Amino acid sequence: MIHEFFRMFALAIENTESATYEEFLSKLAAEANLFLTRLNVDDFTGVIKIYLDRYSDLKIELQDRNGKVITNPNTSLLTTMHISILFAISELTRENRNADYPLIFDAPTSSFDEGKDKAFYECLNSQVNKQCIVVTKSCLLKNEKGEYVTDEQALNNLNCQKYRIKKLTGFDKLDITTIDTQVELLN
């Protein structure tokens, strides 16, 4: 009887863990889809599905409204899907653990057009309530001489501390160790 009790107890724990995990994945997908619609304002979004396959491997798919898997999404859509999942994880972590950590992005908008670029930064300003560090060239534009200059208007729309990481000239294009950068505070 004792052996049977512990077997049933272990099975109950296993089933609870599985149900809790699947519930978490469902919440994660729902939250990620909210962010996906915020990032792709006037664009196709699809639906993010996060689930365990029959081998209990985690799967993330982008599907259309009929459940058809979008097998070859463009780079911009794929990027916003992954950013949406990251934002969702961040939100659920704060809710469940009362813990907050900064989000760090390295060139997150490099595949975006100008409209989607602005939607990303607006989402950071209004939807993501945490410290974010973004390393990007998207707040730069080419002037009439063809040189990159700071896009003051875009920077003024951001309500956060802003820095520019600038690659210094004089490096060997074939030797990455010769690249030097300078960080400057932007107003």
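The values are calculated or read from the model by the stated rules, or taken from the named source; none is laboratory data. What you see is a predicted model, and the numbers here were worked out from it, not measured in a lab. Counting neighbours? That spans all protein chains shown, and the Cβs are built from the backbone with ideal geometry, glycine included. These area figures cover heavy atoms from the full protein model, side chains too; ligands, DNA and RNA do not enter into them. Shrake-Rupley method; radii C 1.70, N 1.55, O 1.52, S 1.80 Å.
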Worksheet item: So how many residues does segment 66-84 have that are in a loop (DSSP other than H, G, I, E, B) and either more than 22 Å from LYS116 (Cα to Cα) or of a type in the set (Gly, Ala, Ser) (or both)?
Response: 3
Discussion item. Quick test for you: out of LEU28, LEU78, pick the one residue that is in contact (Cβ under 8 Å) with a residue 40 or more places away in the chain, surrounded by 14 or more Cβ atoms within 10 Å (Cβ to Cβ) and within 19 Å of LEU124 (Cα to Cα).
Written reply: LEU28
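So that you can scan it fast, the table gives a plain yes or no per residue for (1) in contact with an Asp or Glu (Cβ under 8 Å, 6 or more places away or on another chain); (2) modelled with pLDDT of 75 or more; (3) part of a helix (DSSP H, G or I):
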{"residue": "ASN129", "(1), (2), (3)": "no, no, no"}
{"residue": "VAL134", "(1), (2), (3)": "no, no, no"}
{"residue": "SER138", "(1), (2), (3)": "yes, no, no"}
{"residue": "GLY146", "(1), (2), (3)": "no, yes, no"}
Discussion item. Could you check segment 39-57 and list, in sequence order, the residues that are among the charged types (D, E, K, R) and surrounded by 10 or more Cβ atoms within 10 Å (Cβ to Cβ)?
Written reply: ASP43, LYS49
Worksheet entry | Pair list, Cβ < 7 Å and 6+ apart or interchain, from segment 147-159 residues that are more than 25 Å from THR169 (Cα to Cα) to residues that are open to solvent by less than 50 Å² (accessible area, probe 1.4 Å) | ALA154/CYS139; ASN157/TYR121; LEU158/TYR121; LEU158/ASN125; ASN159/ASN125
Discussion item. Here is a list: ILE60, ILE50. Which entry is out of contact with any Leu (no Cβ under 6 Å at 6 or more places or on another chain) and either at pLDDT 90 or above or not hydroxyl-bearing (Ser, Thr, Tyr) (or both)?
Written reply: ILE60
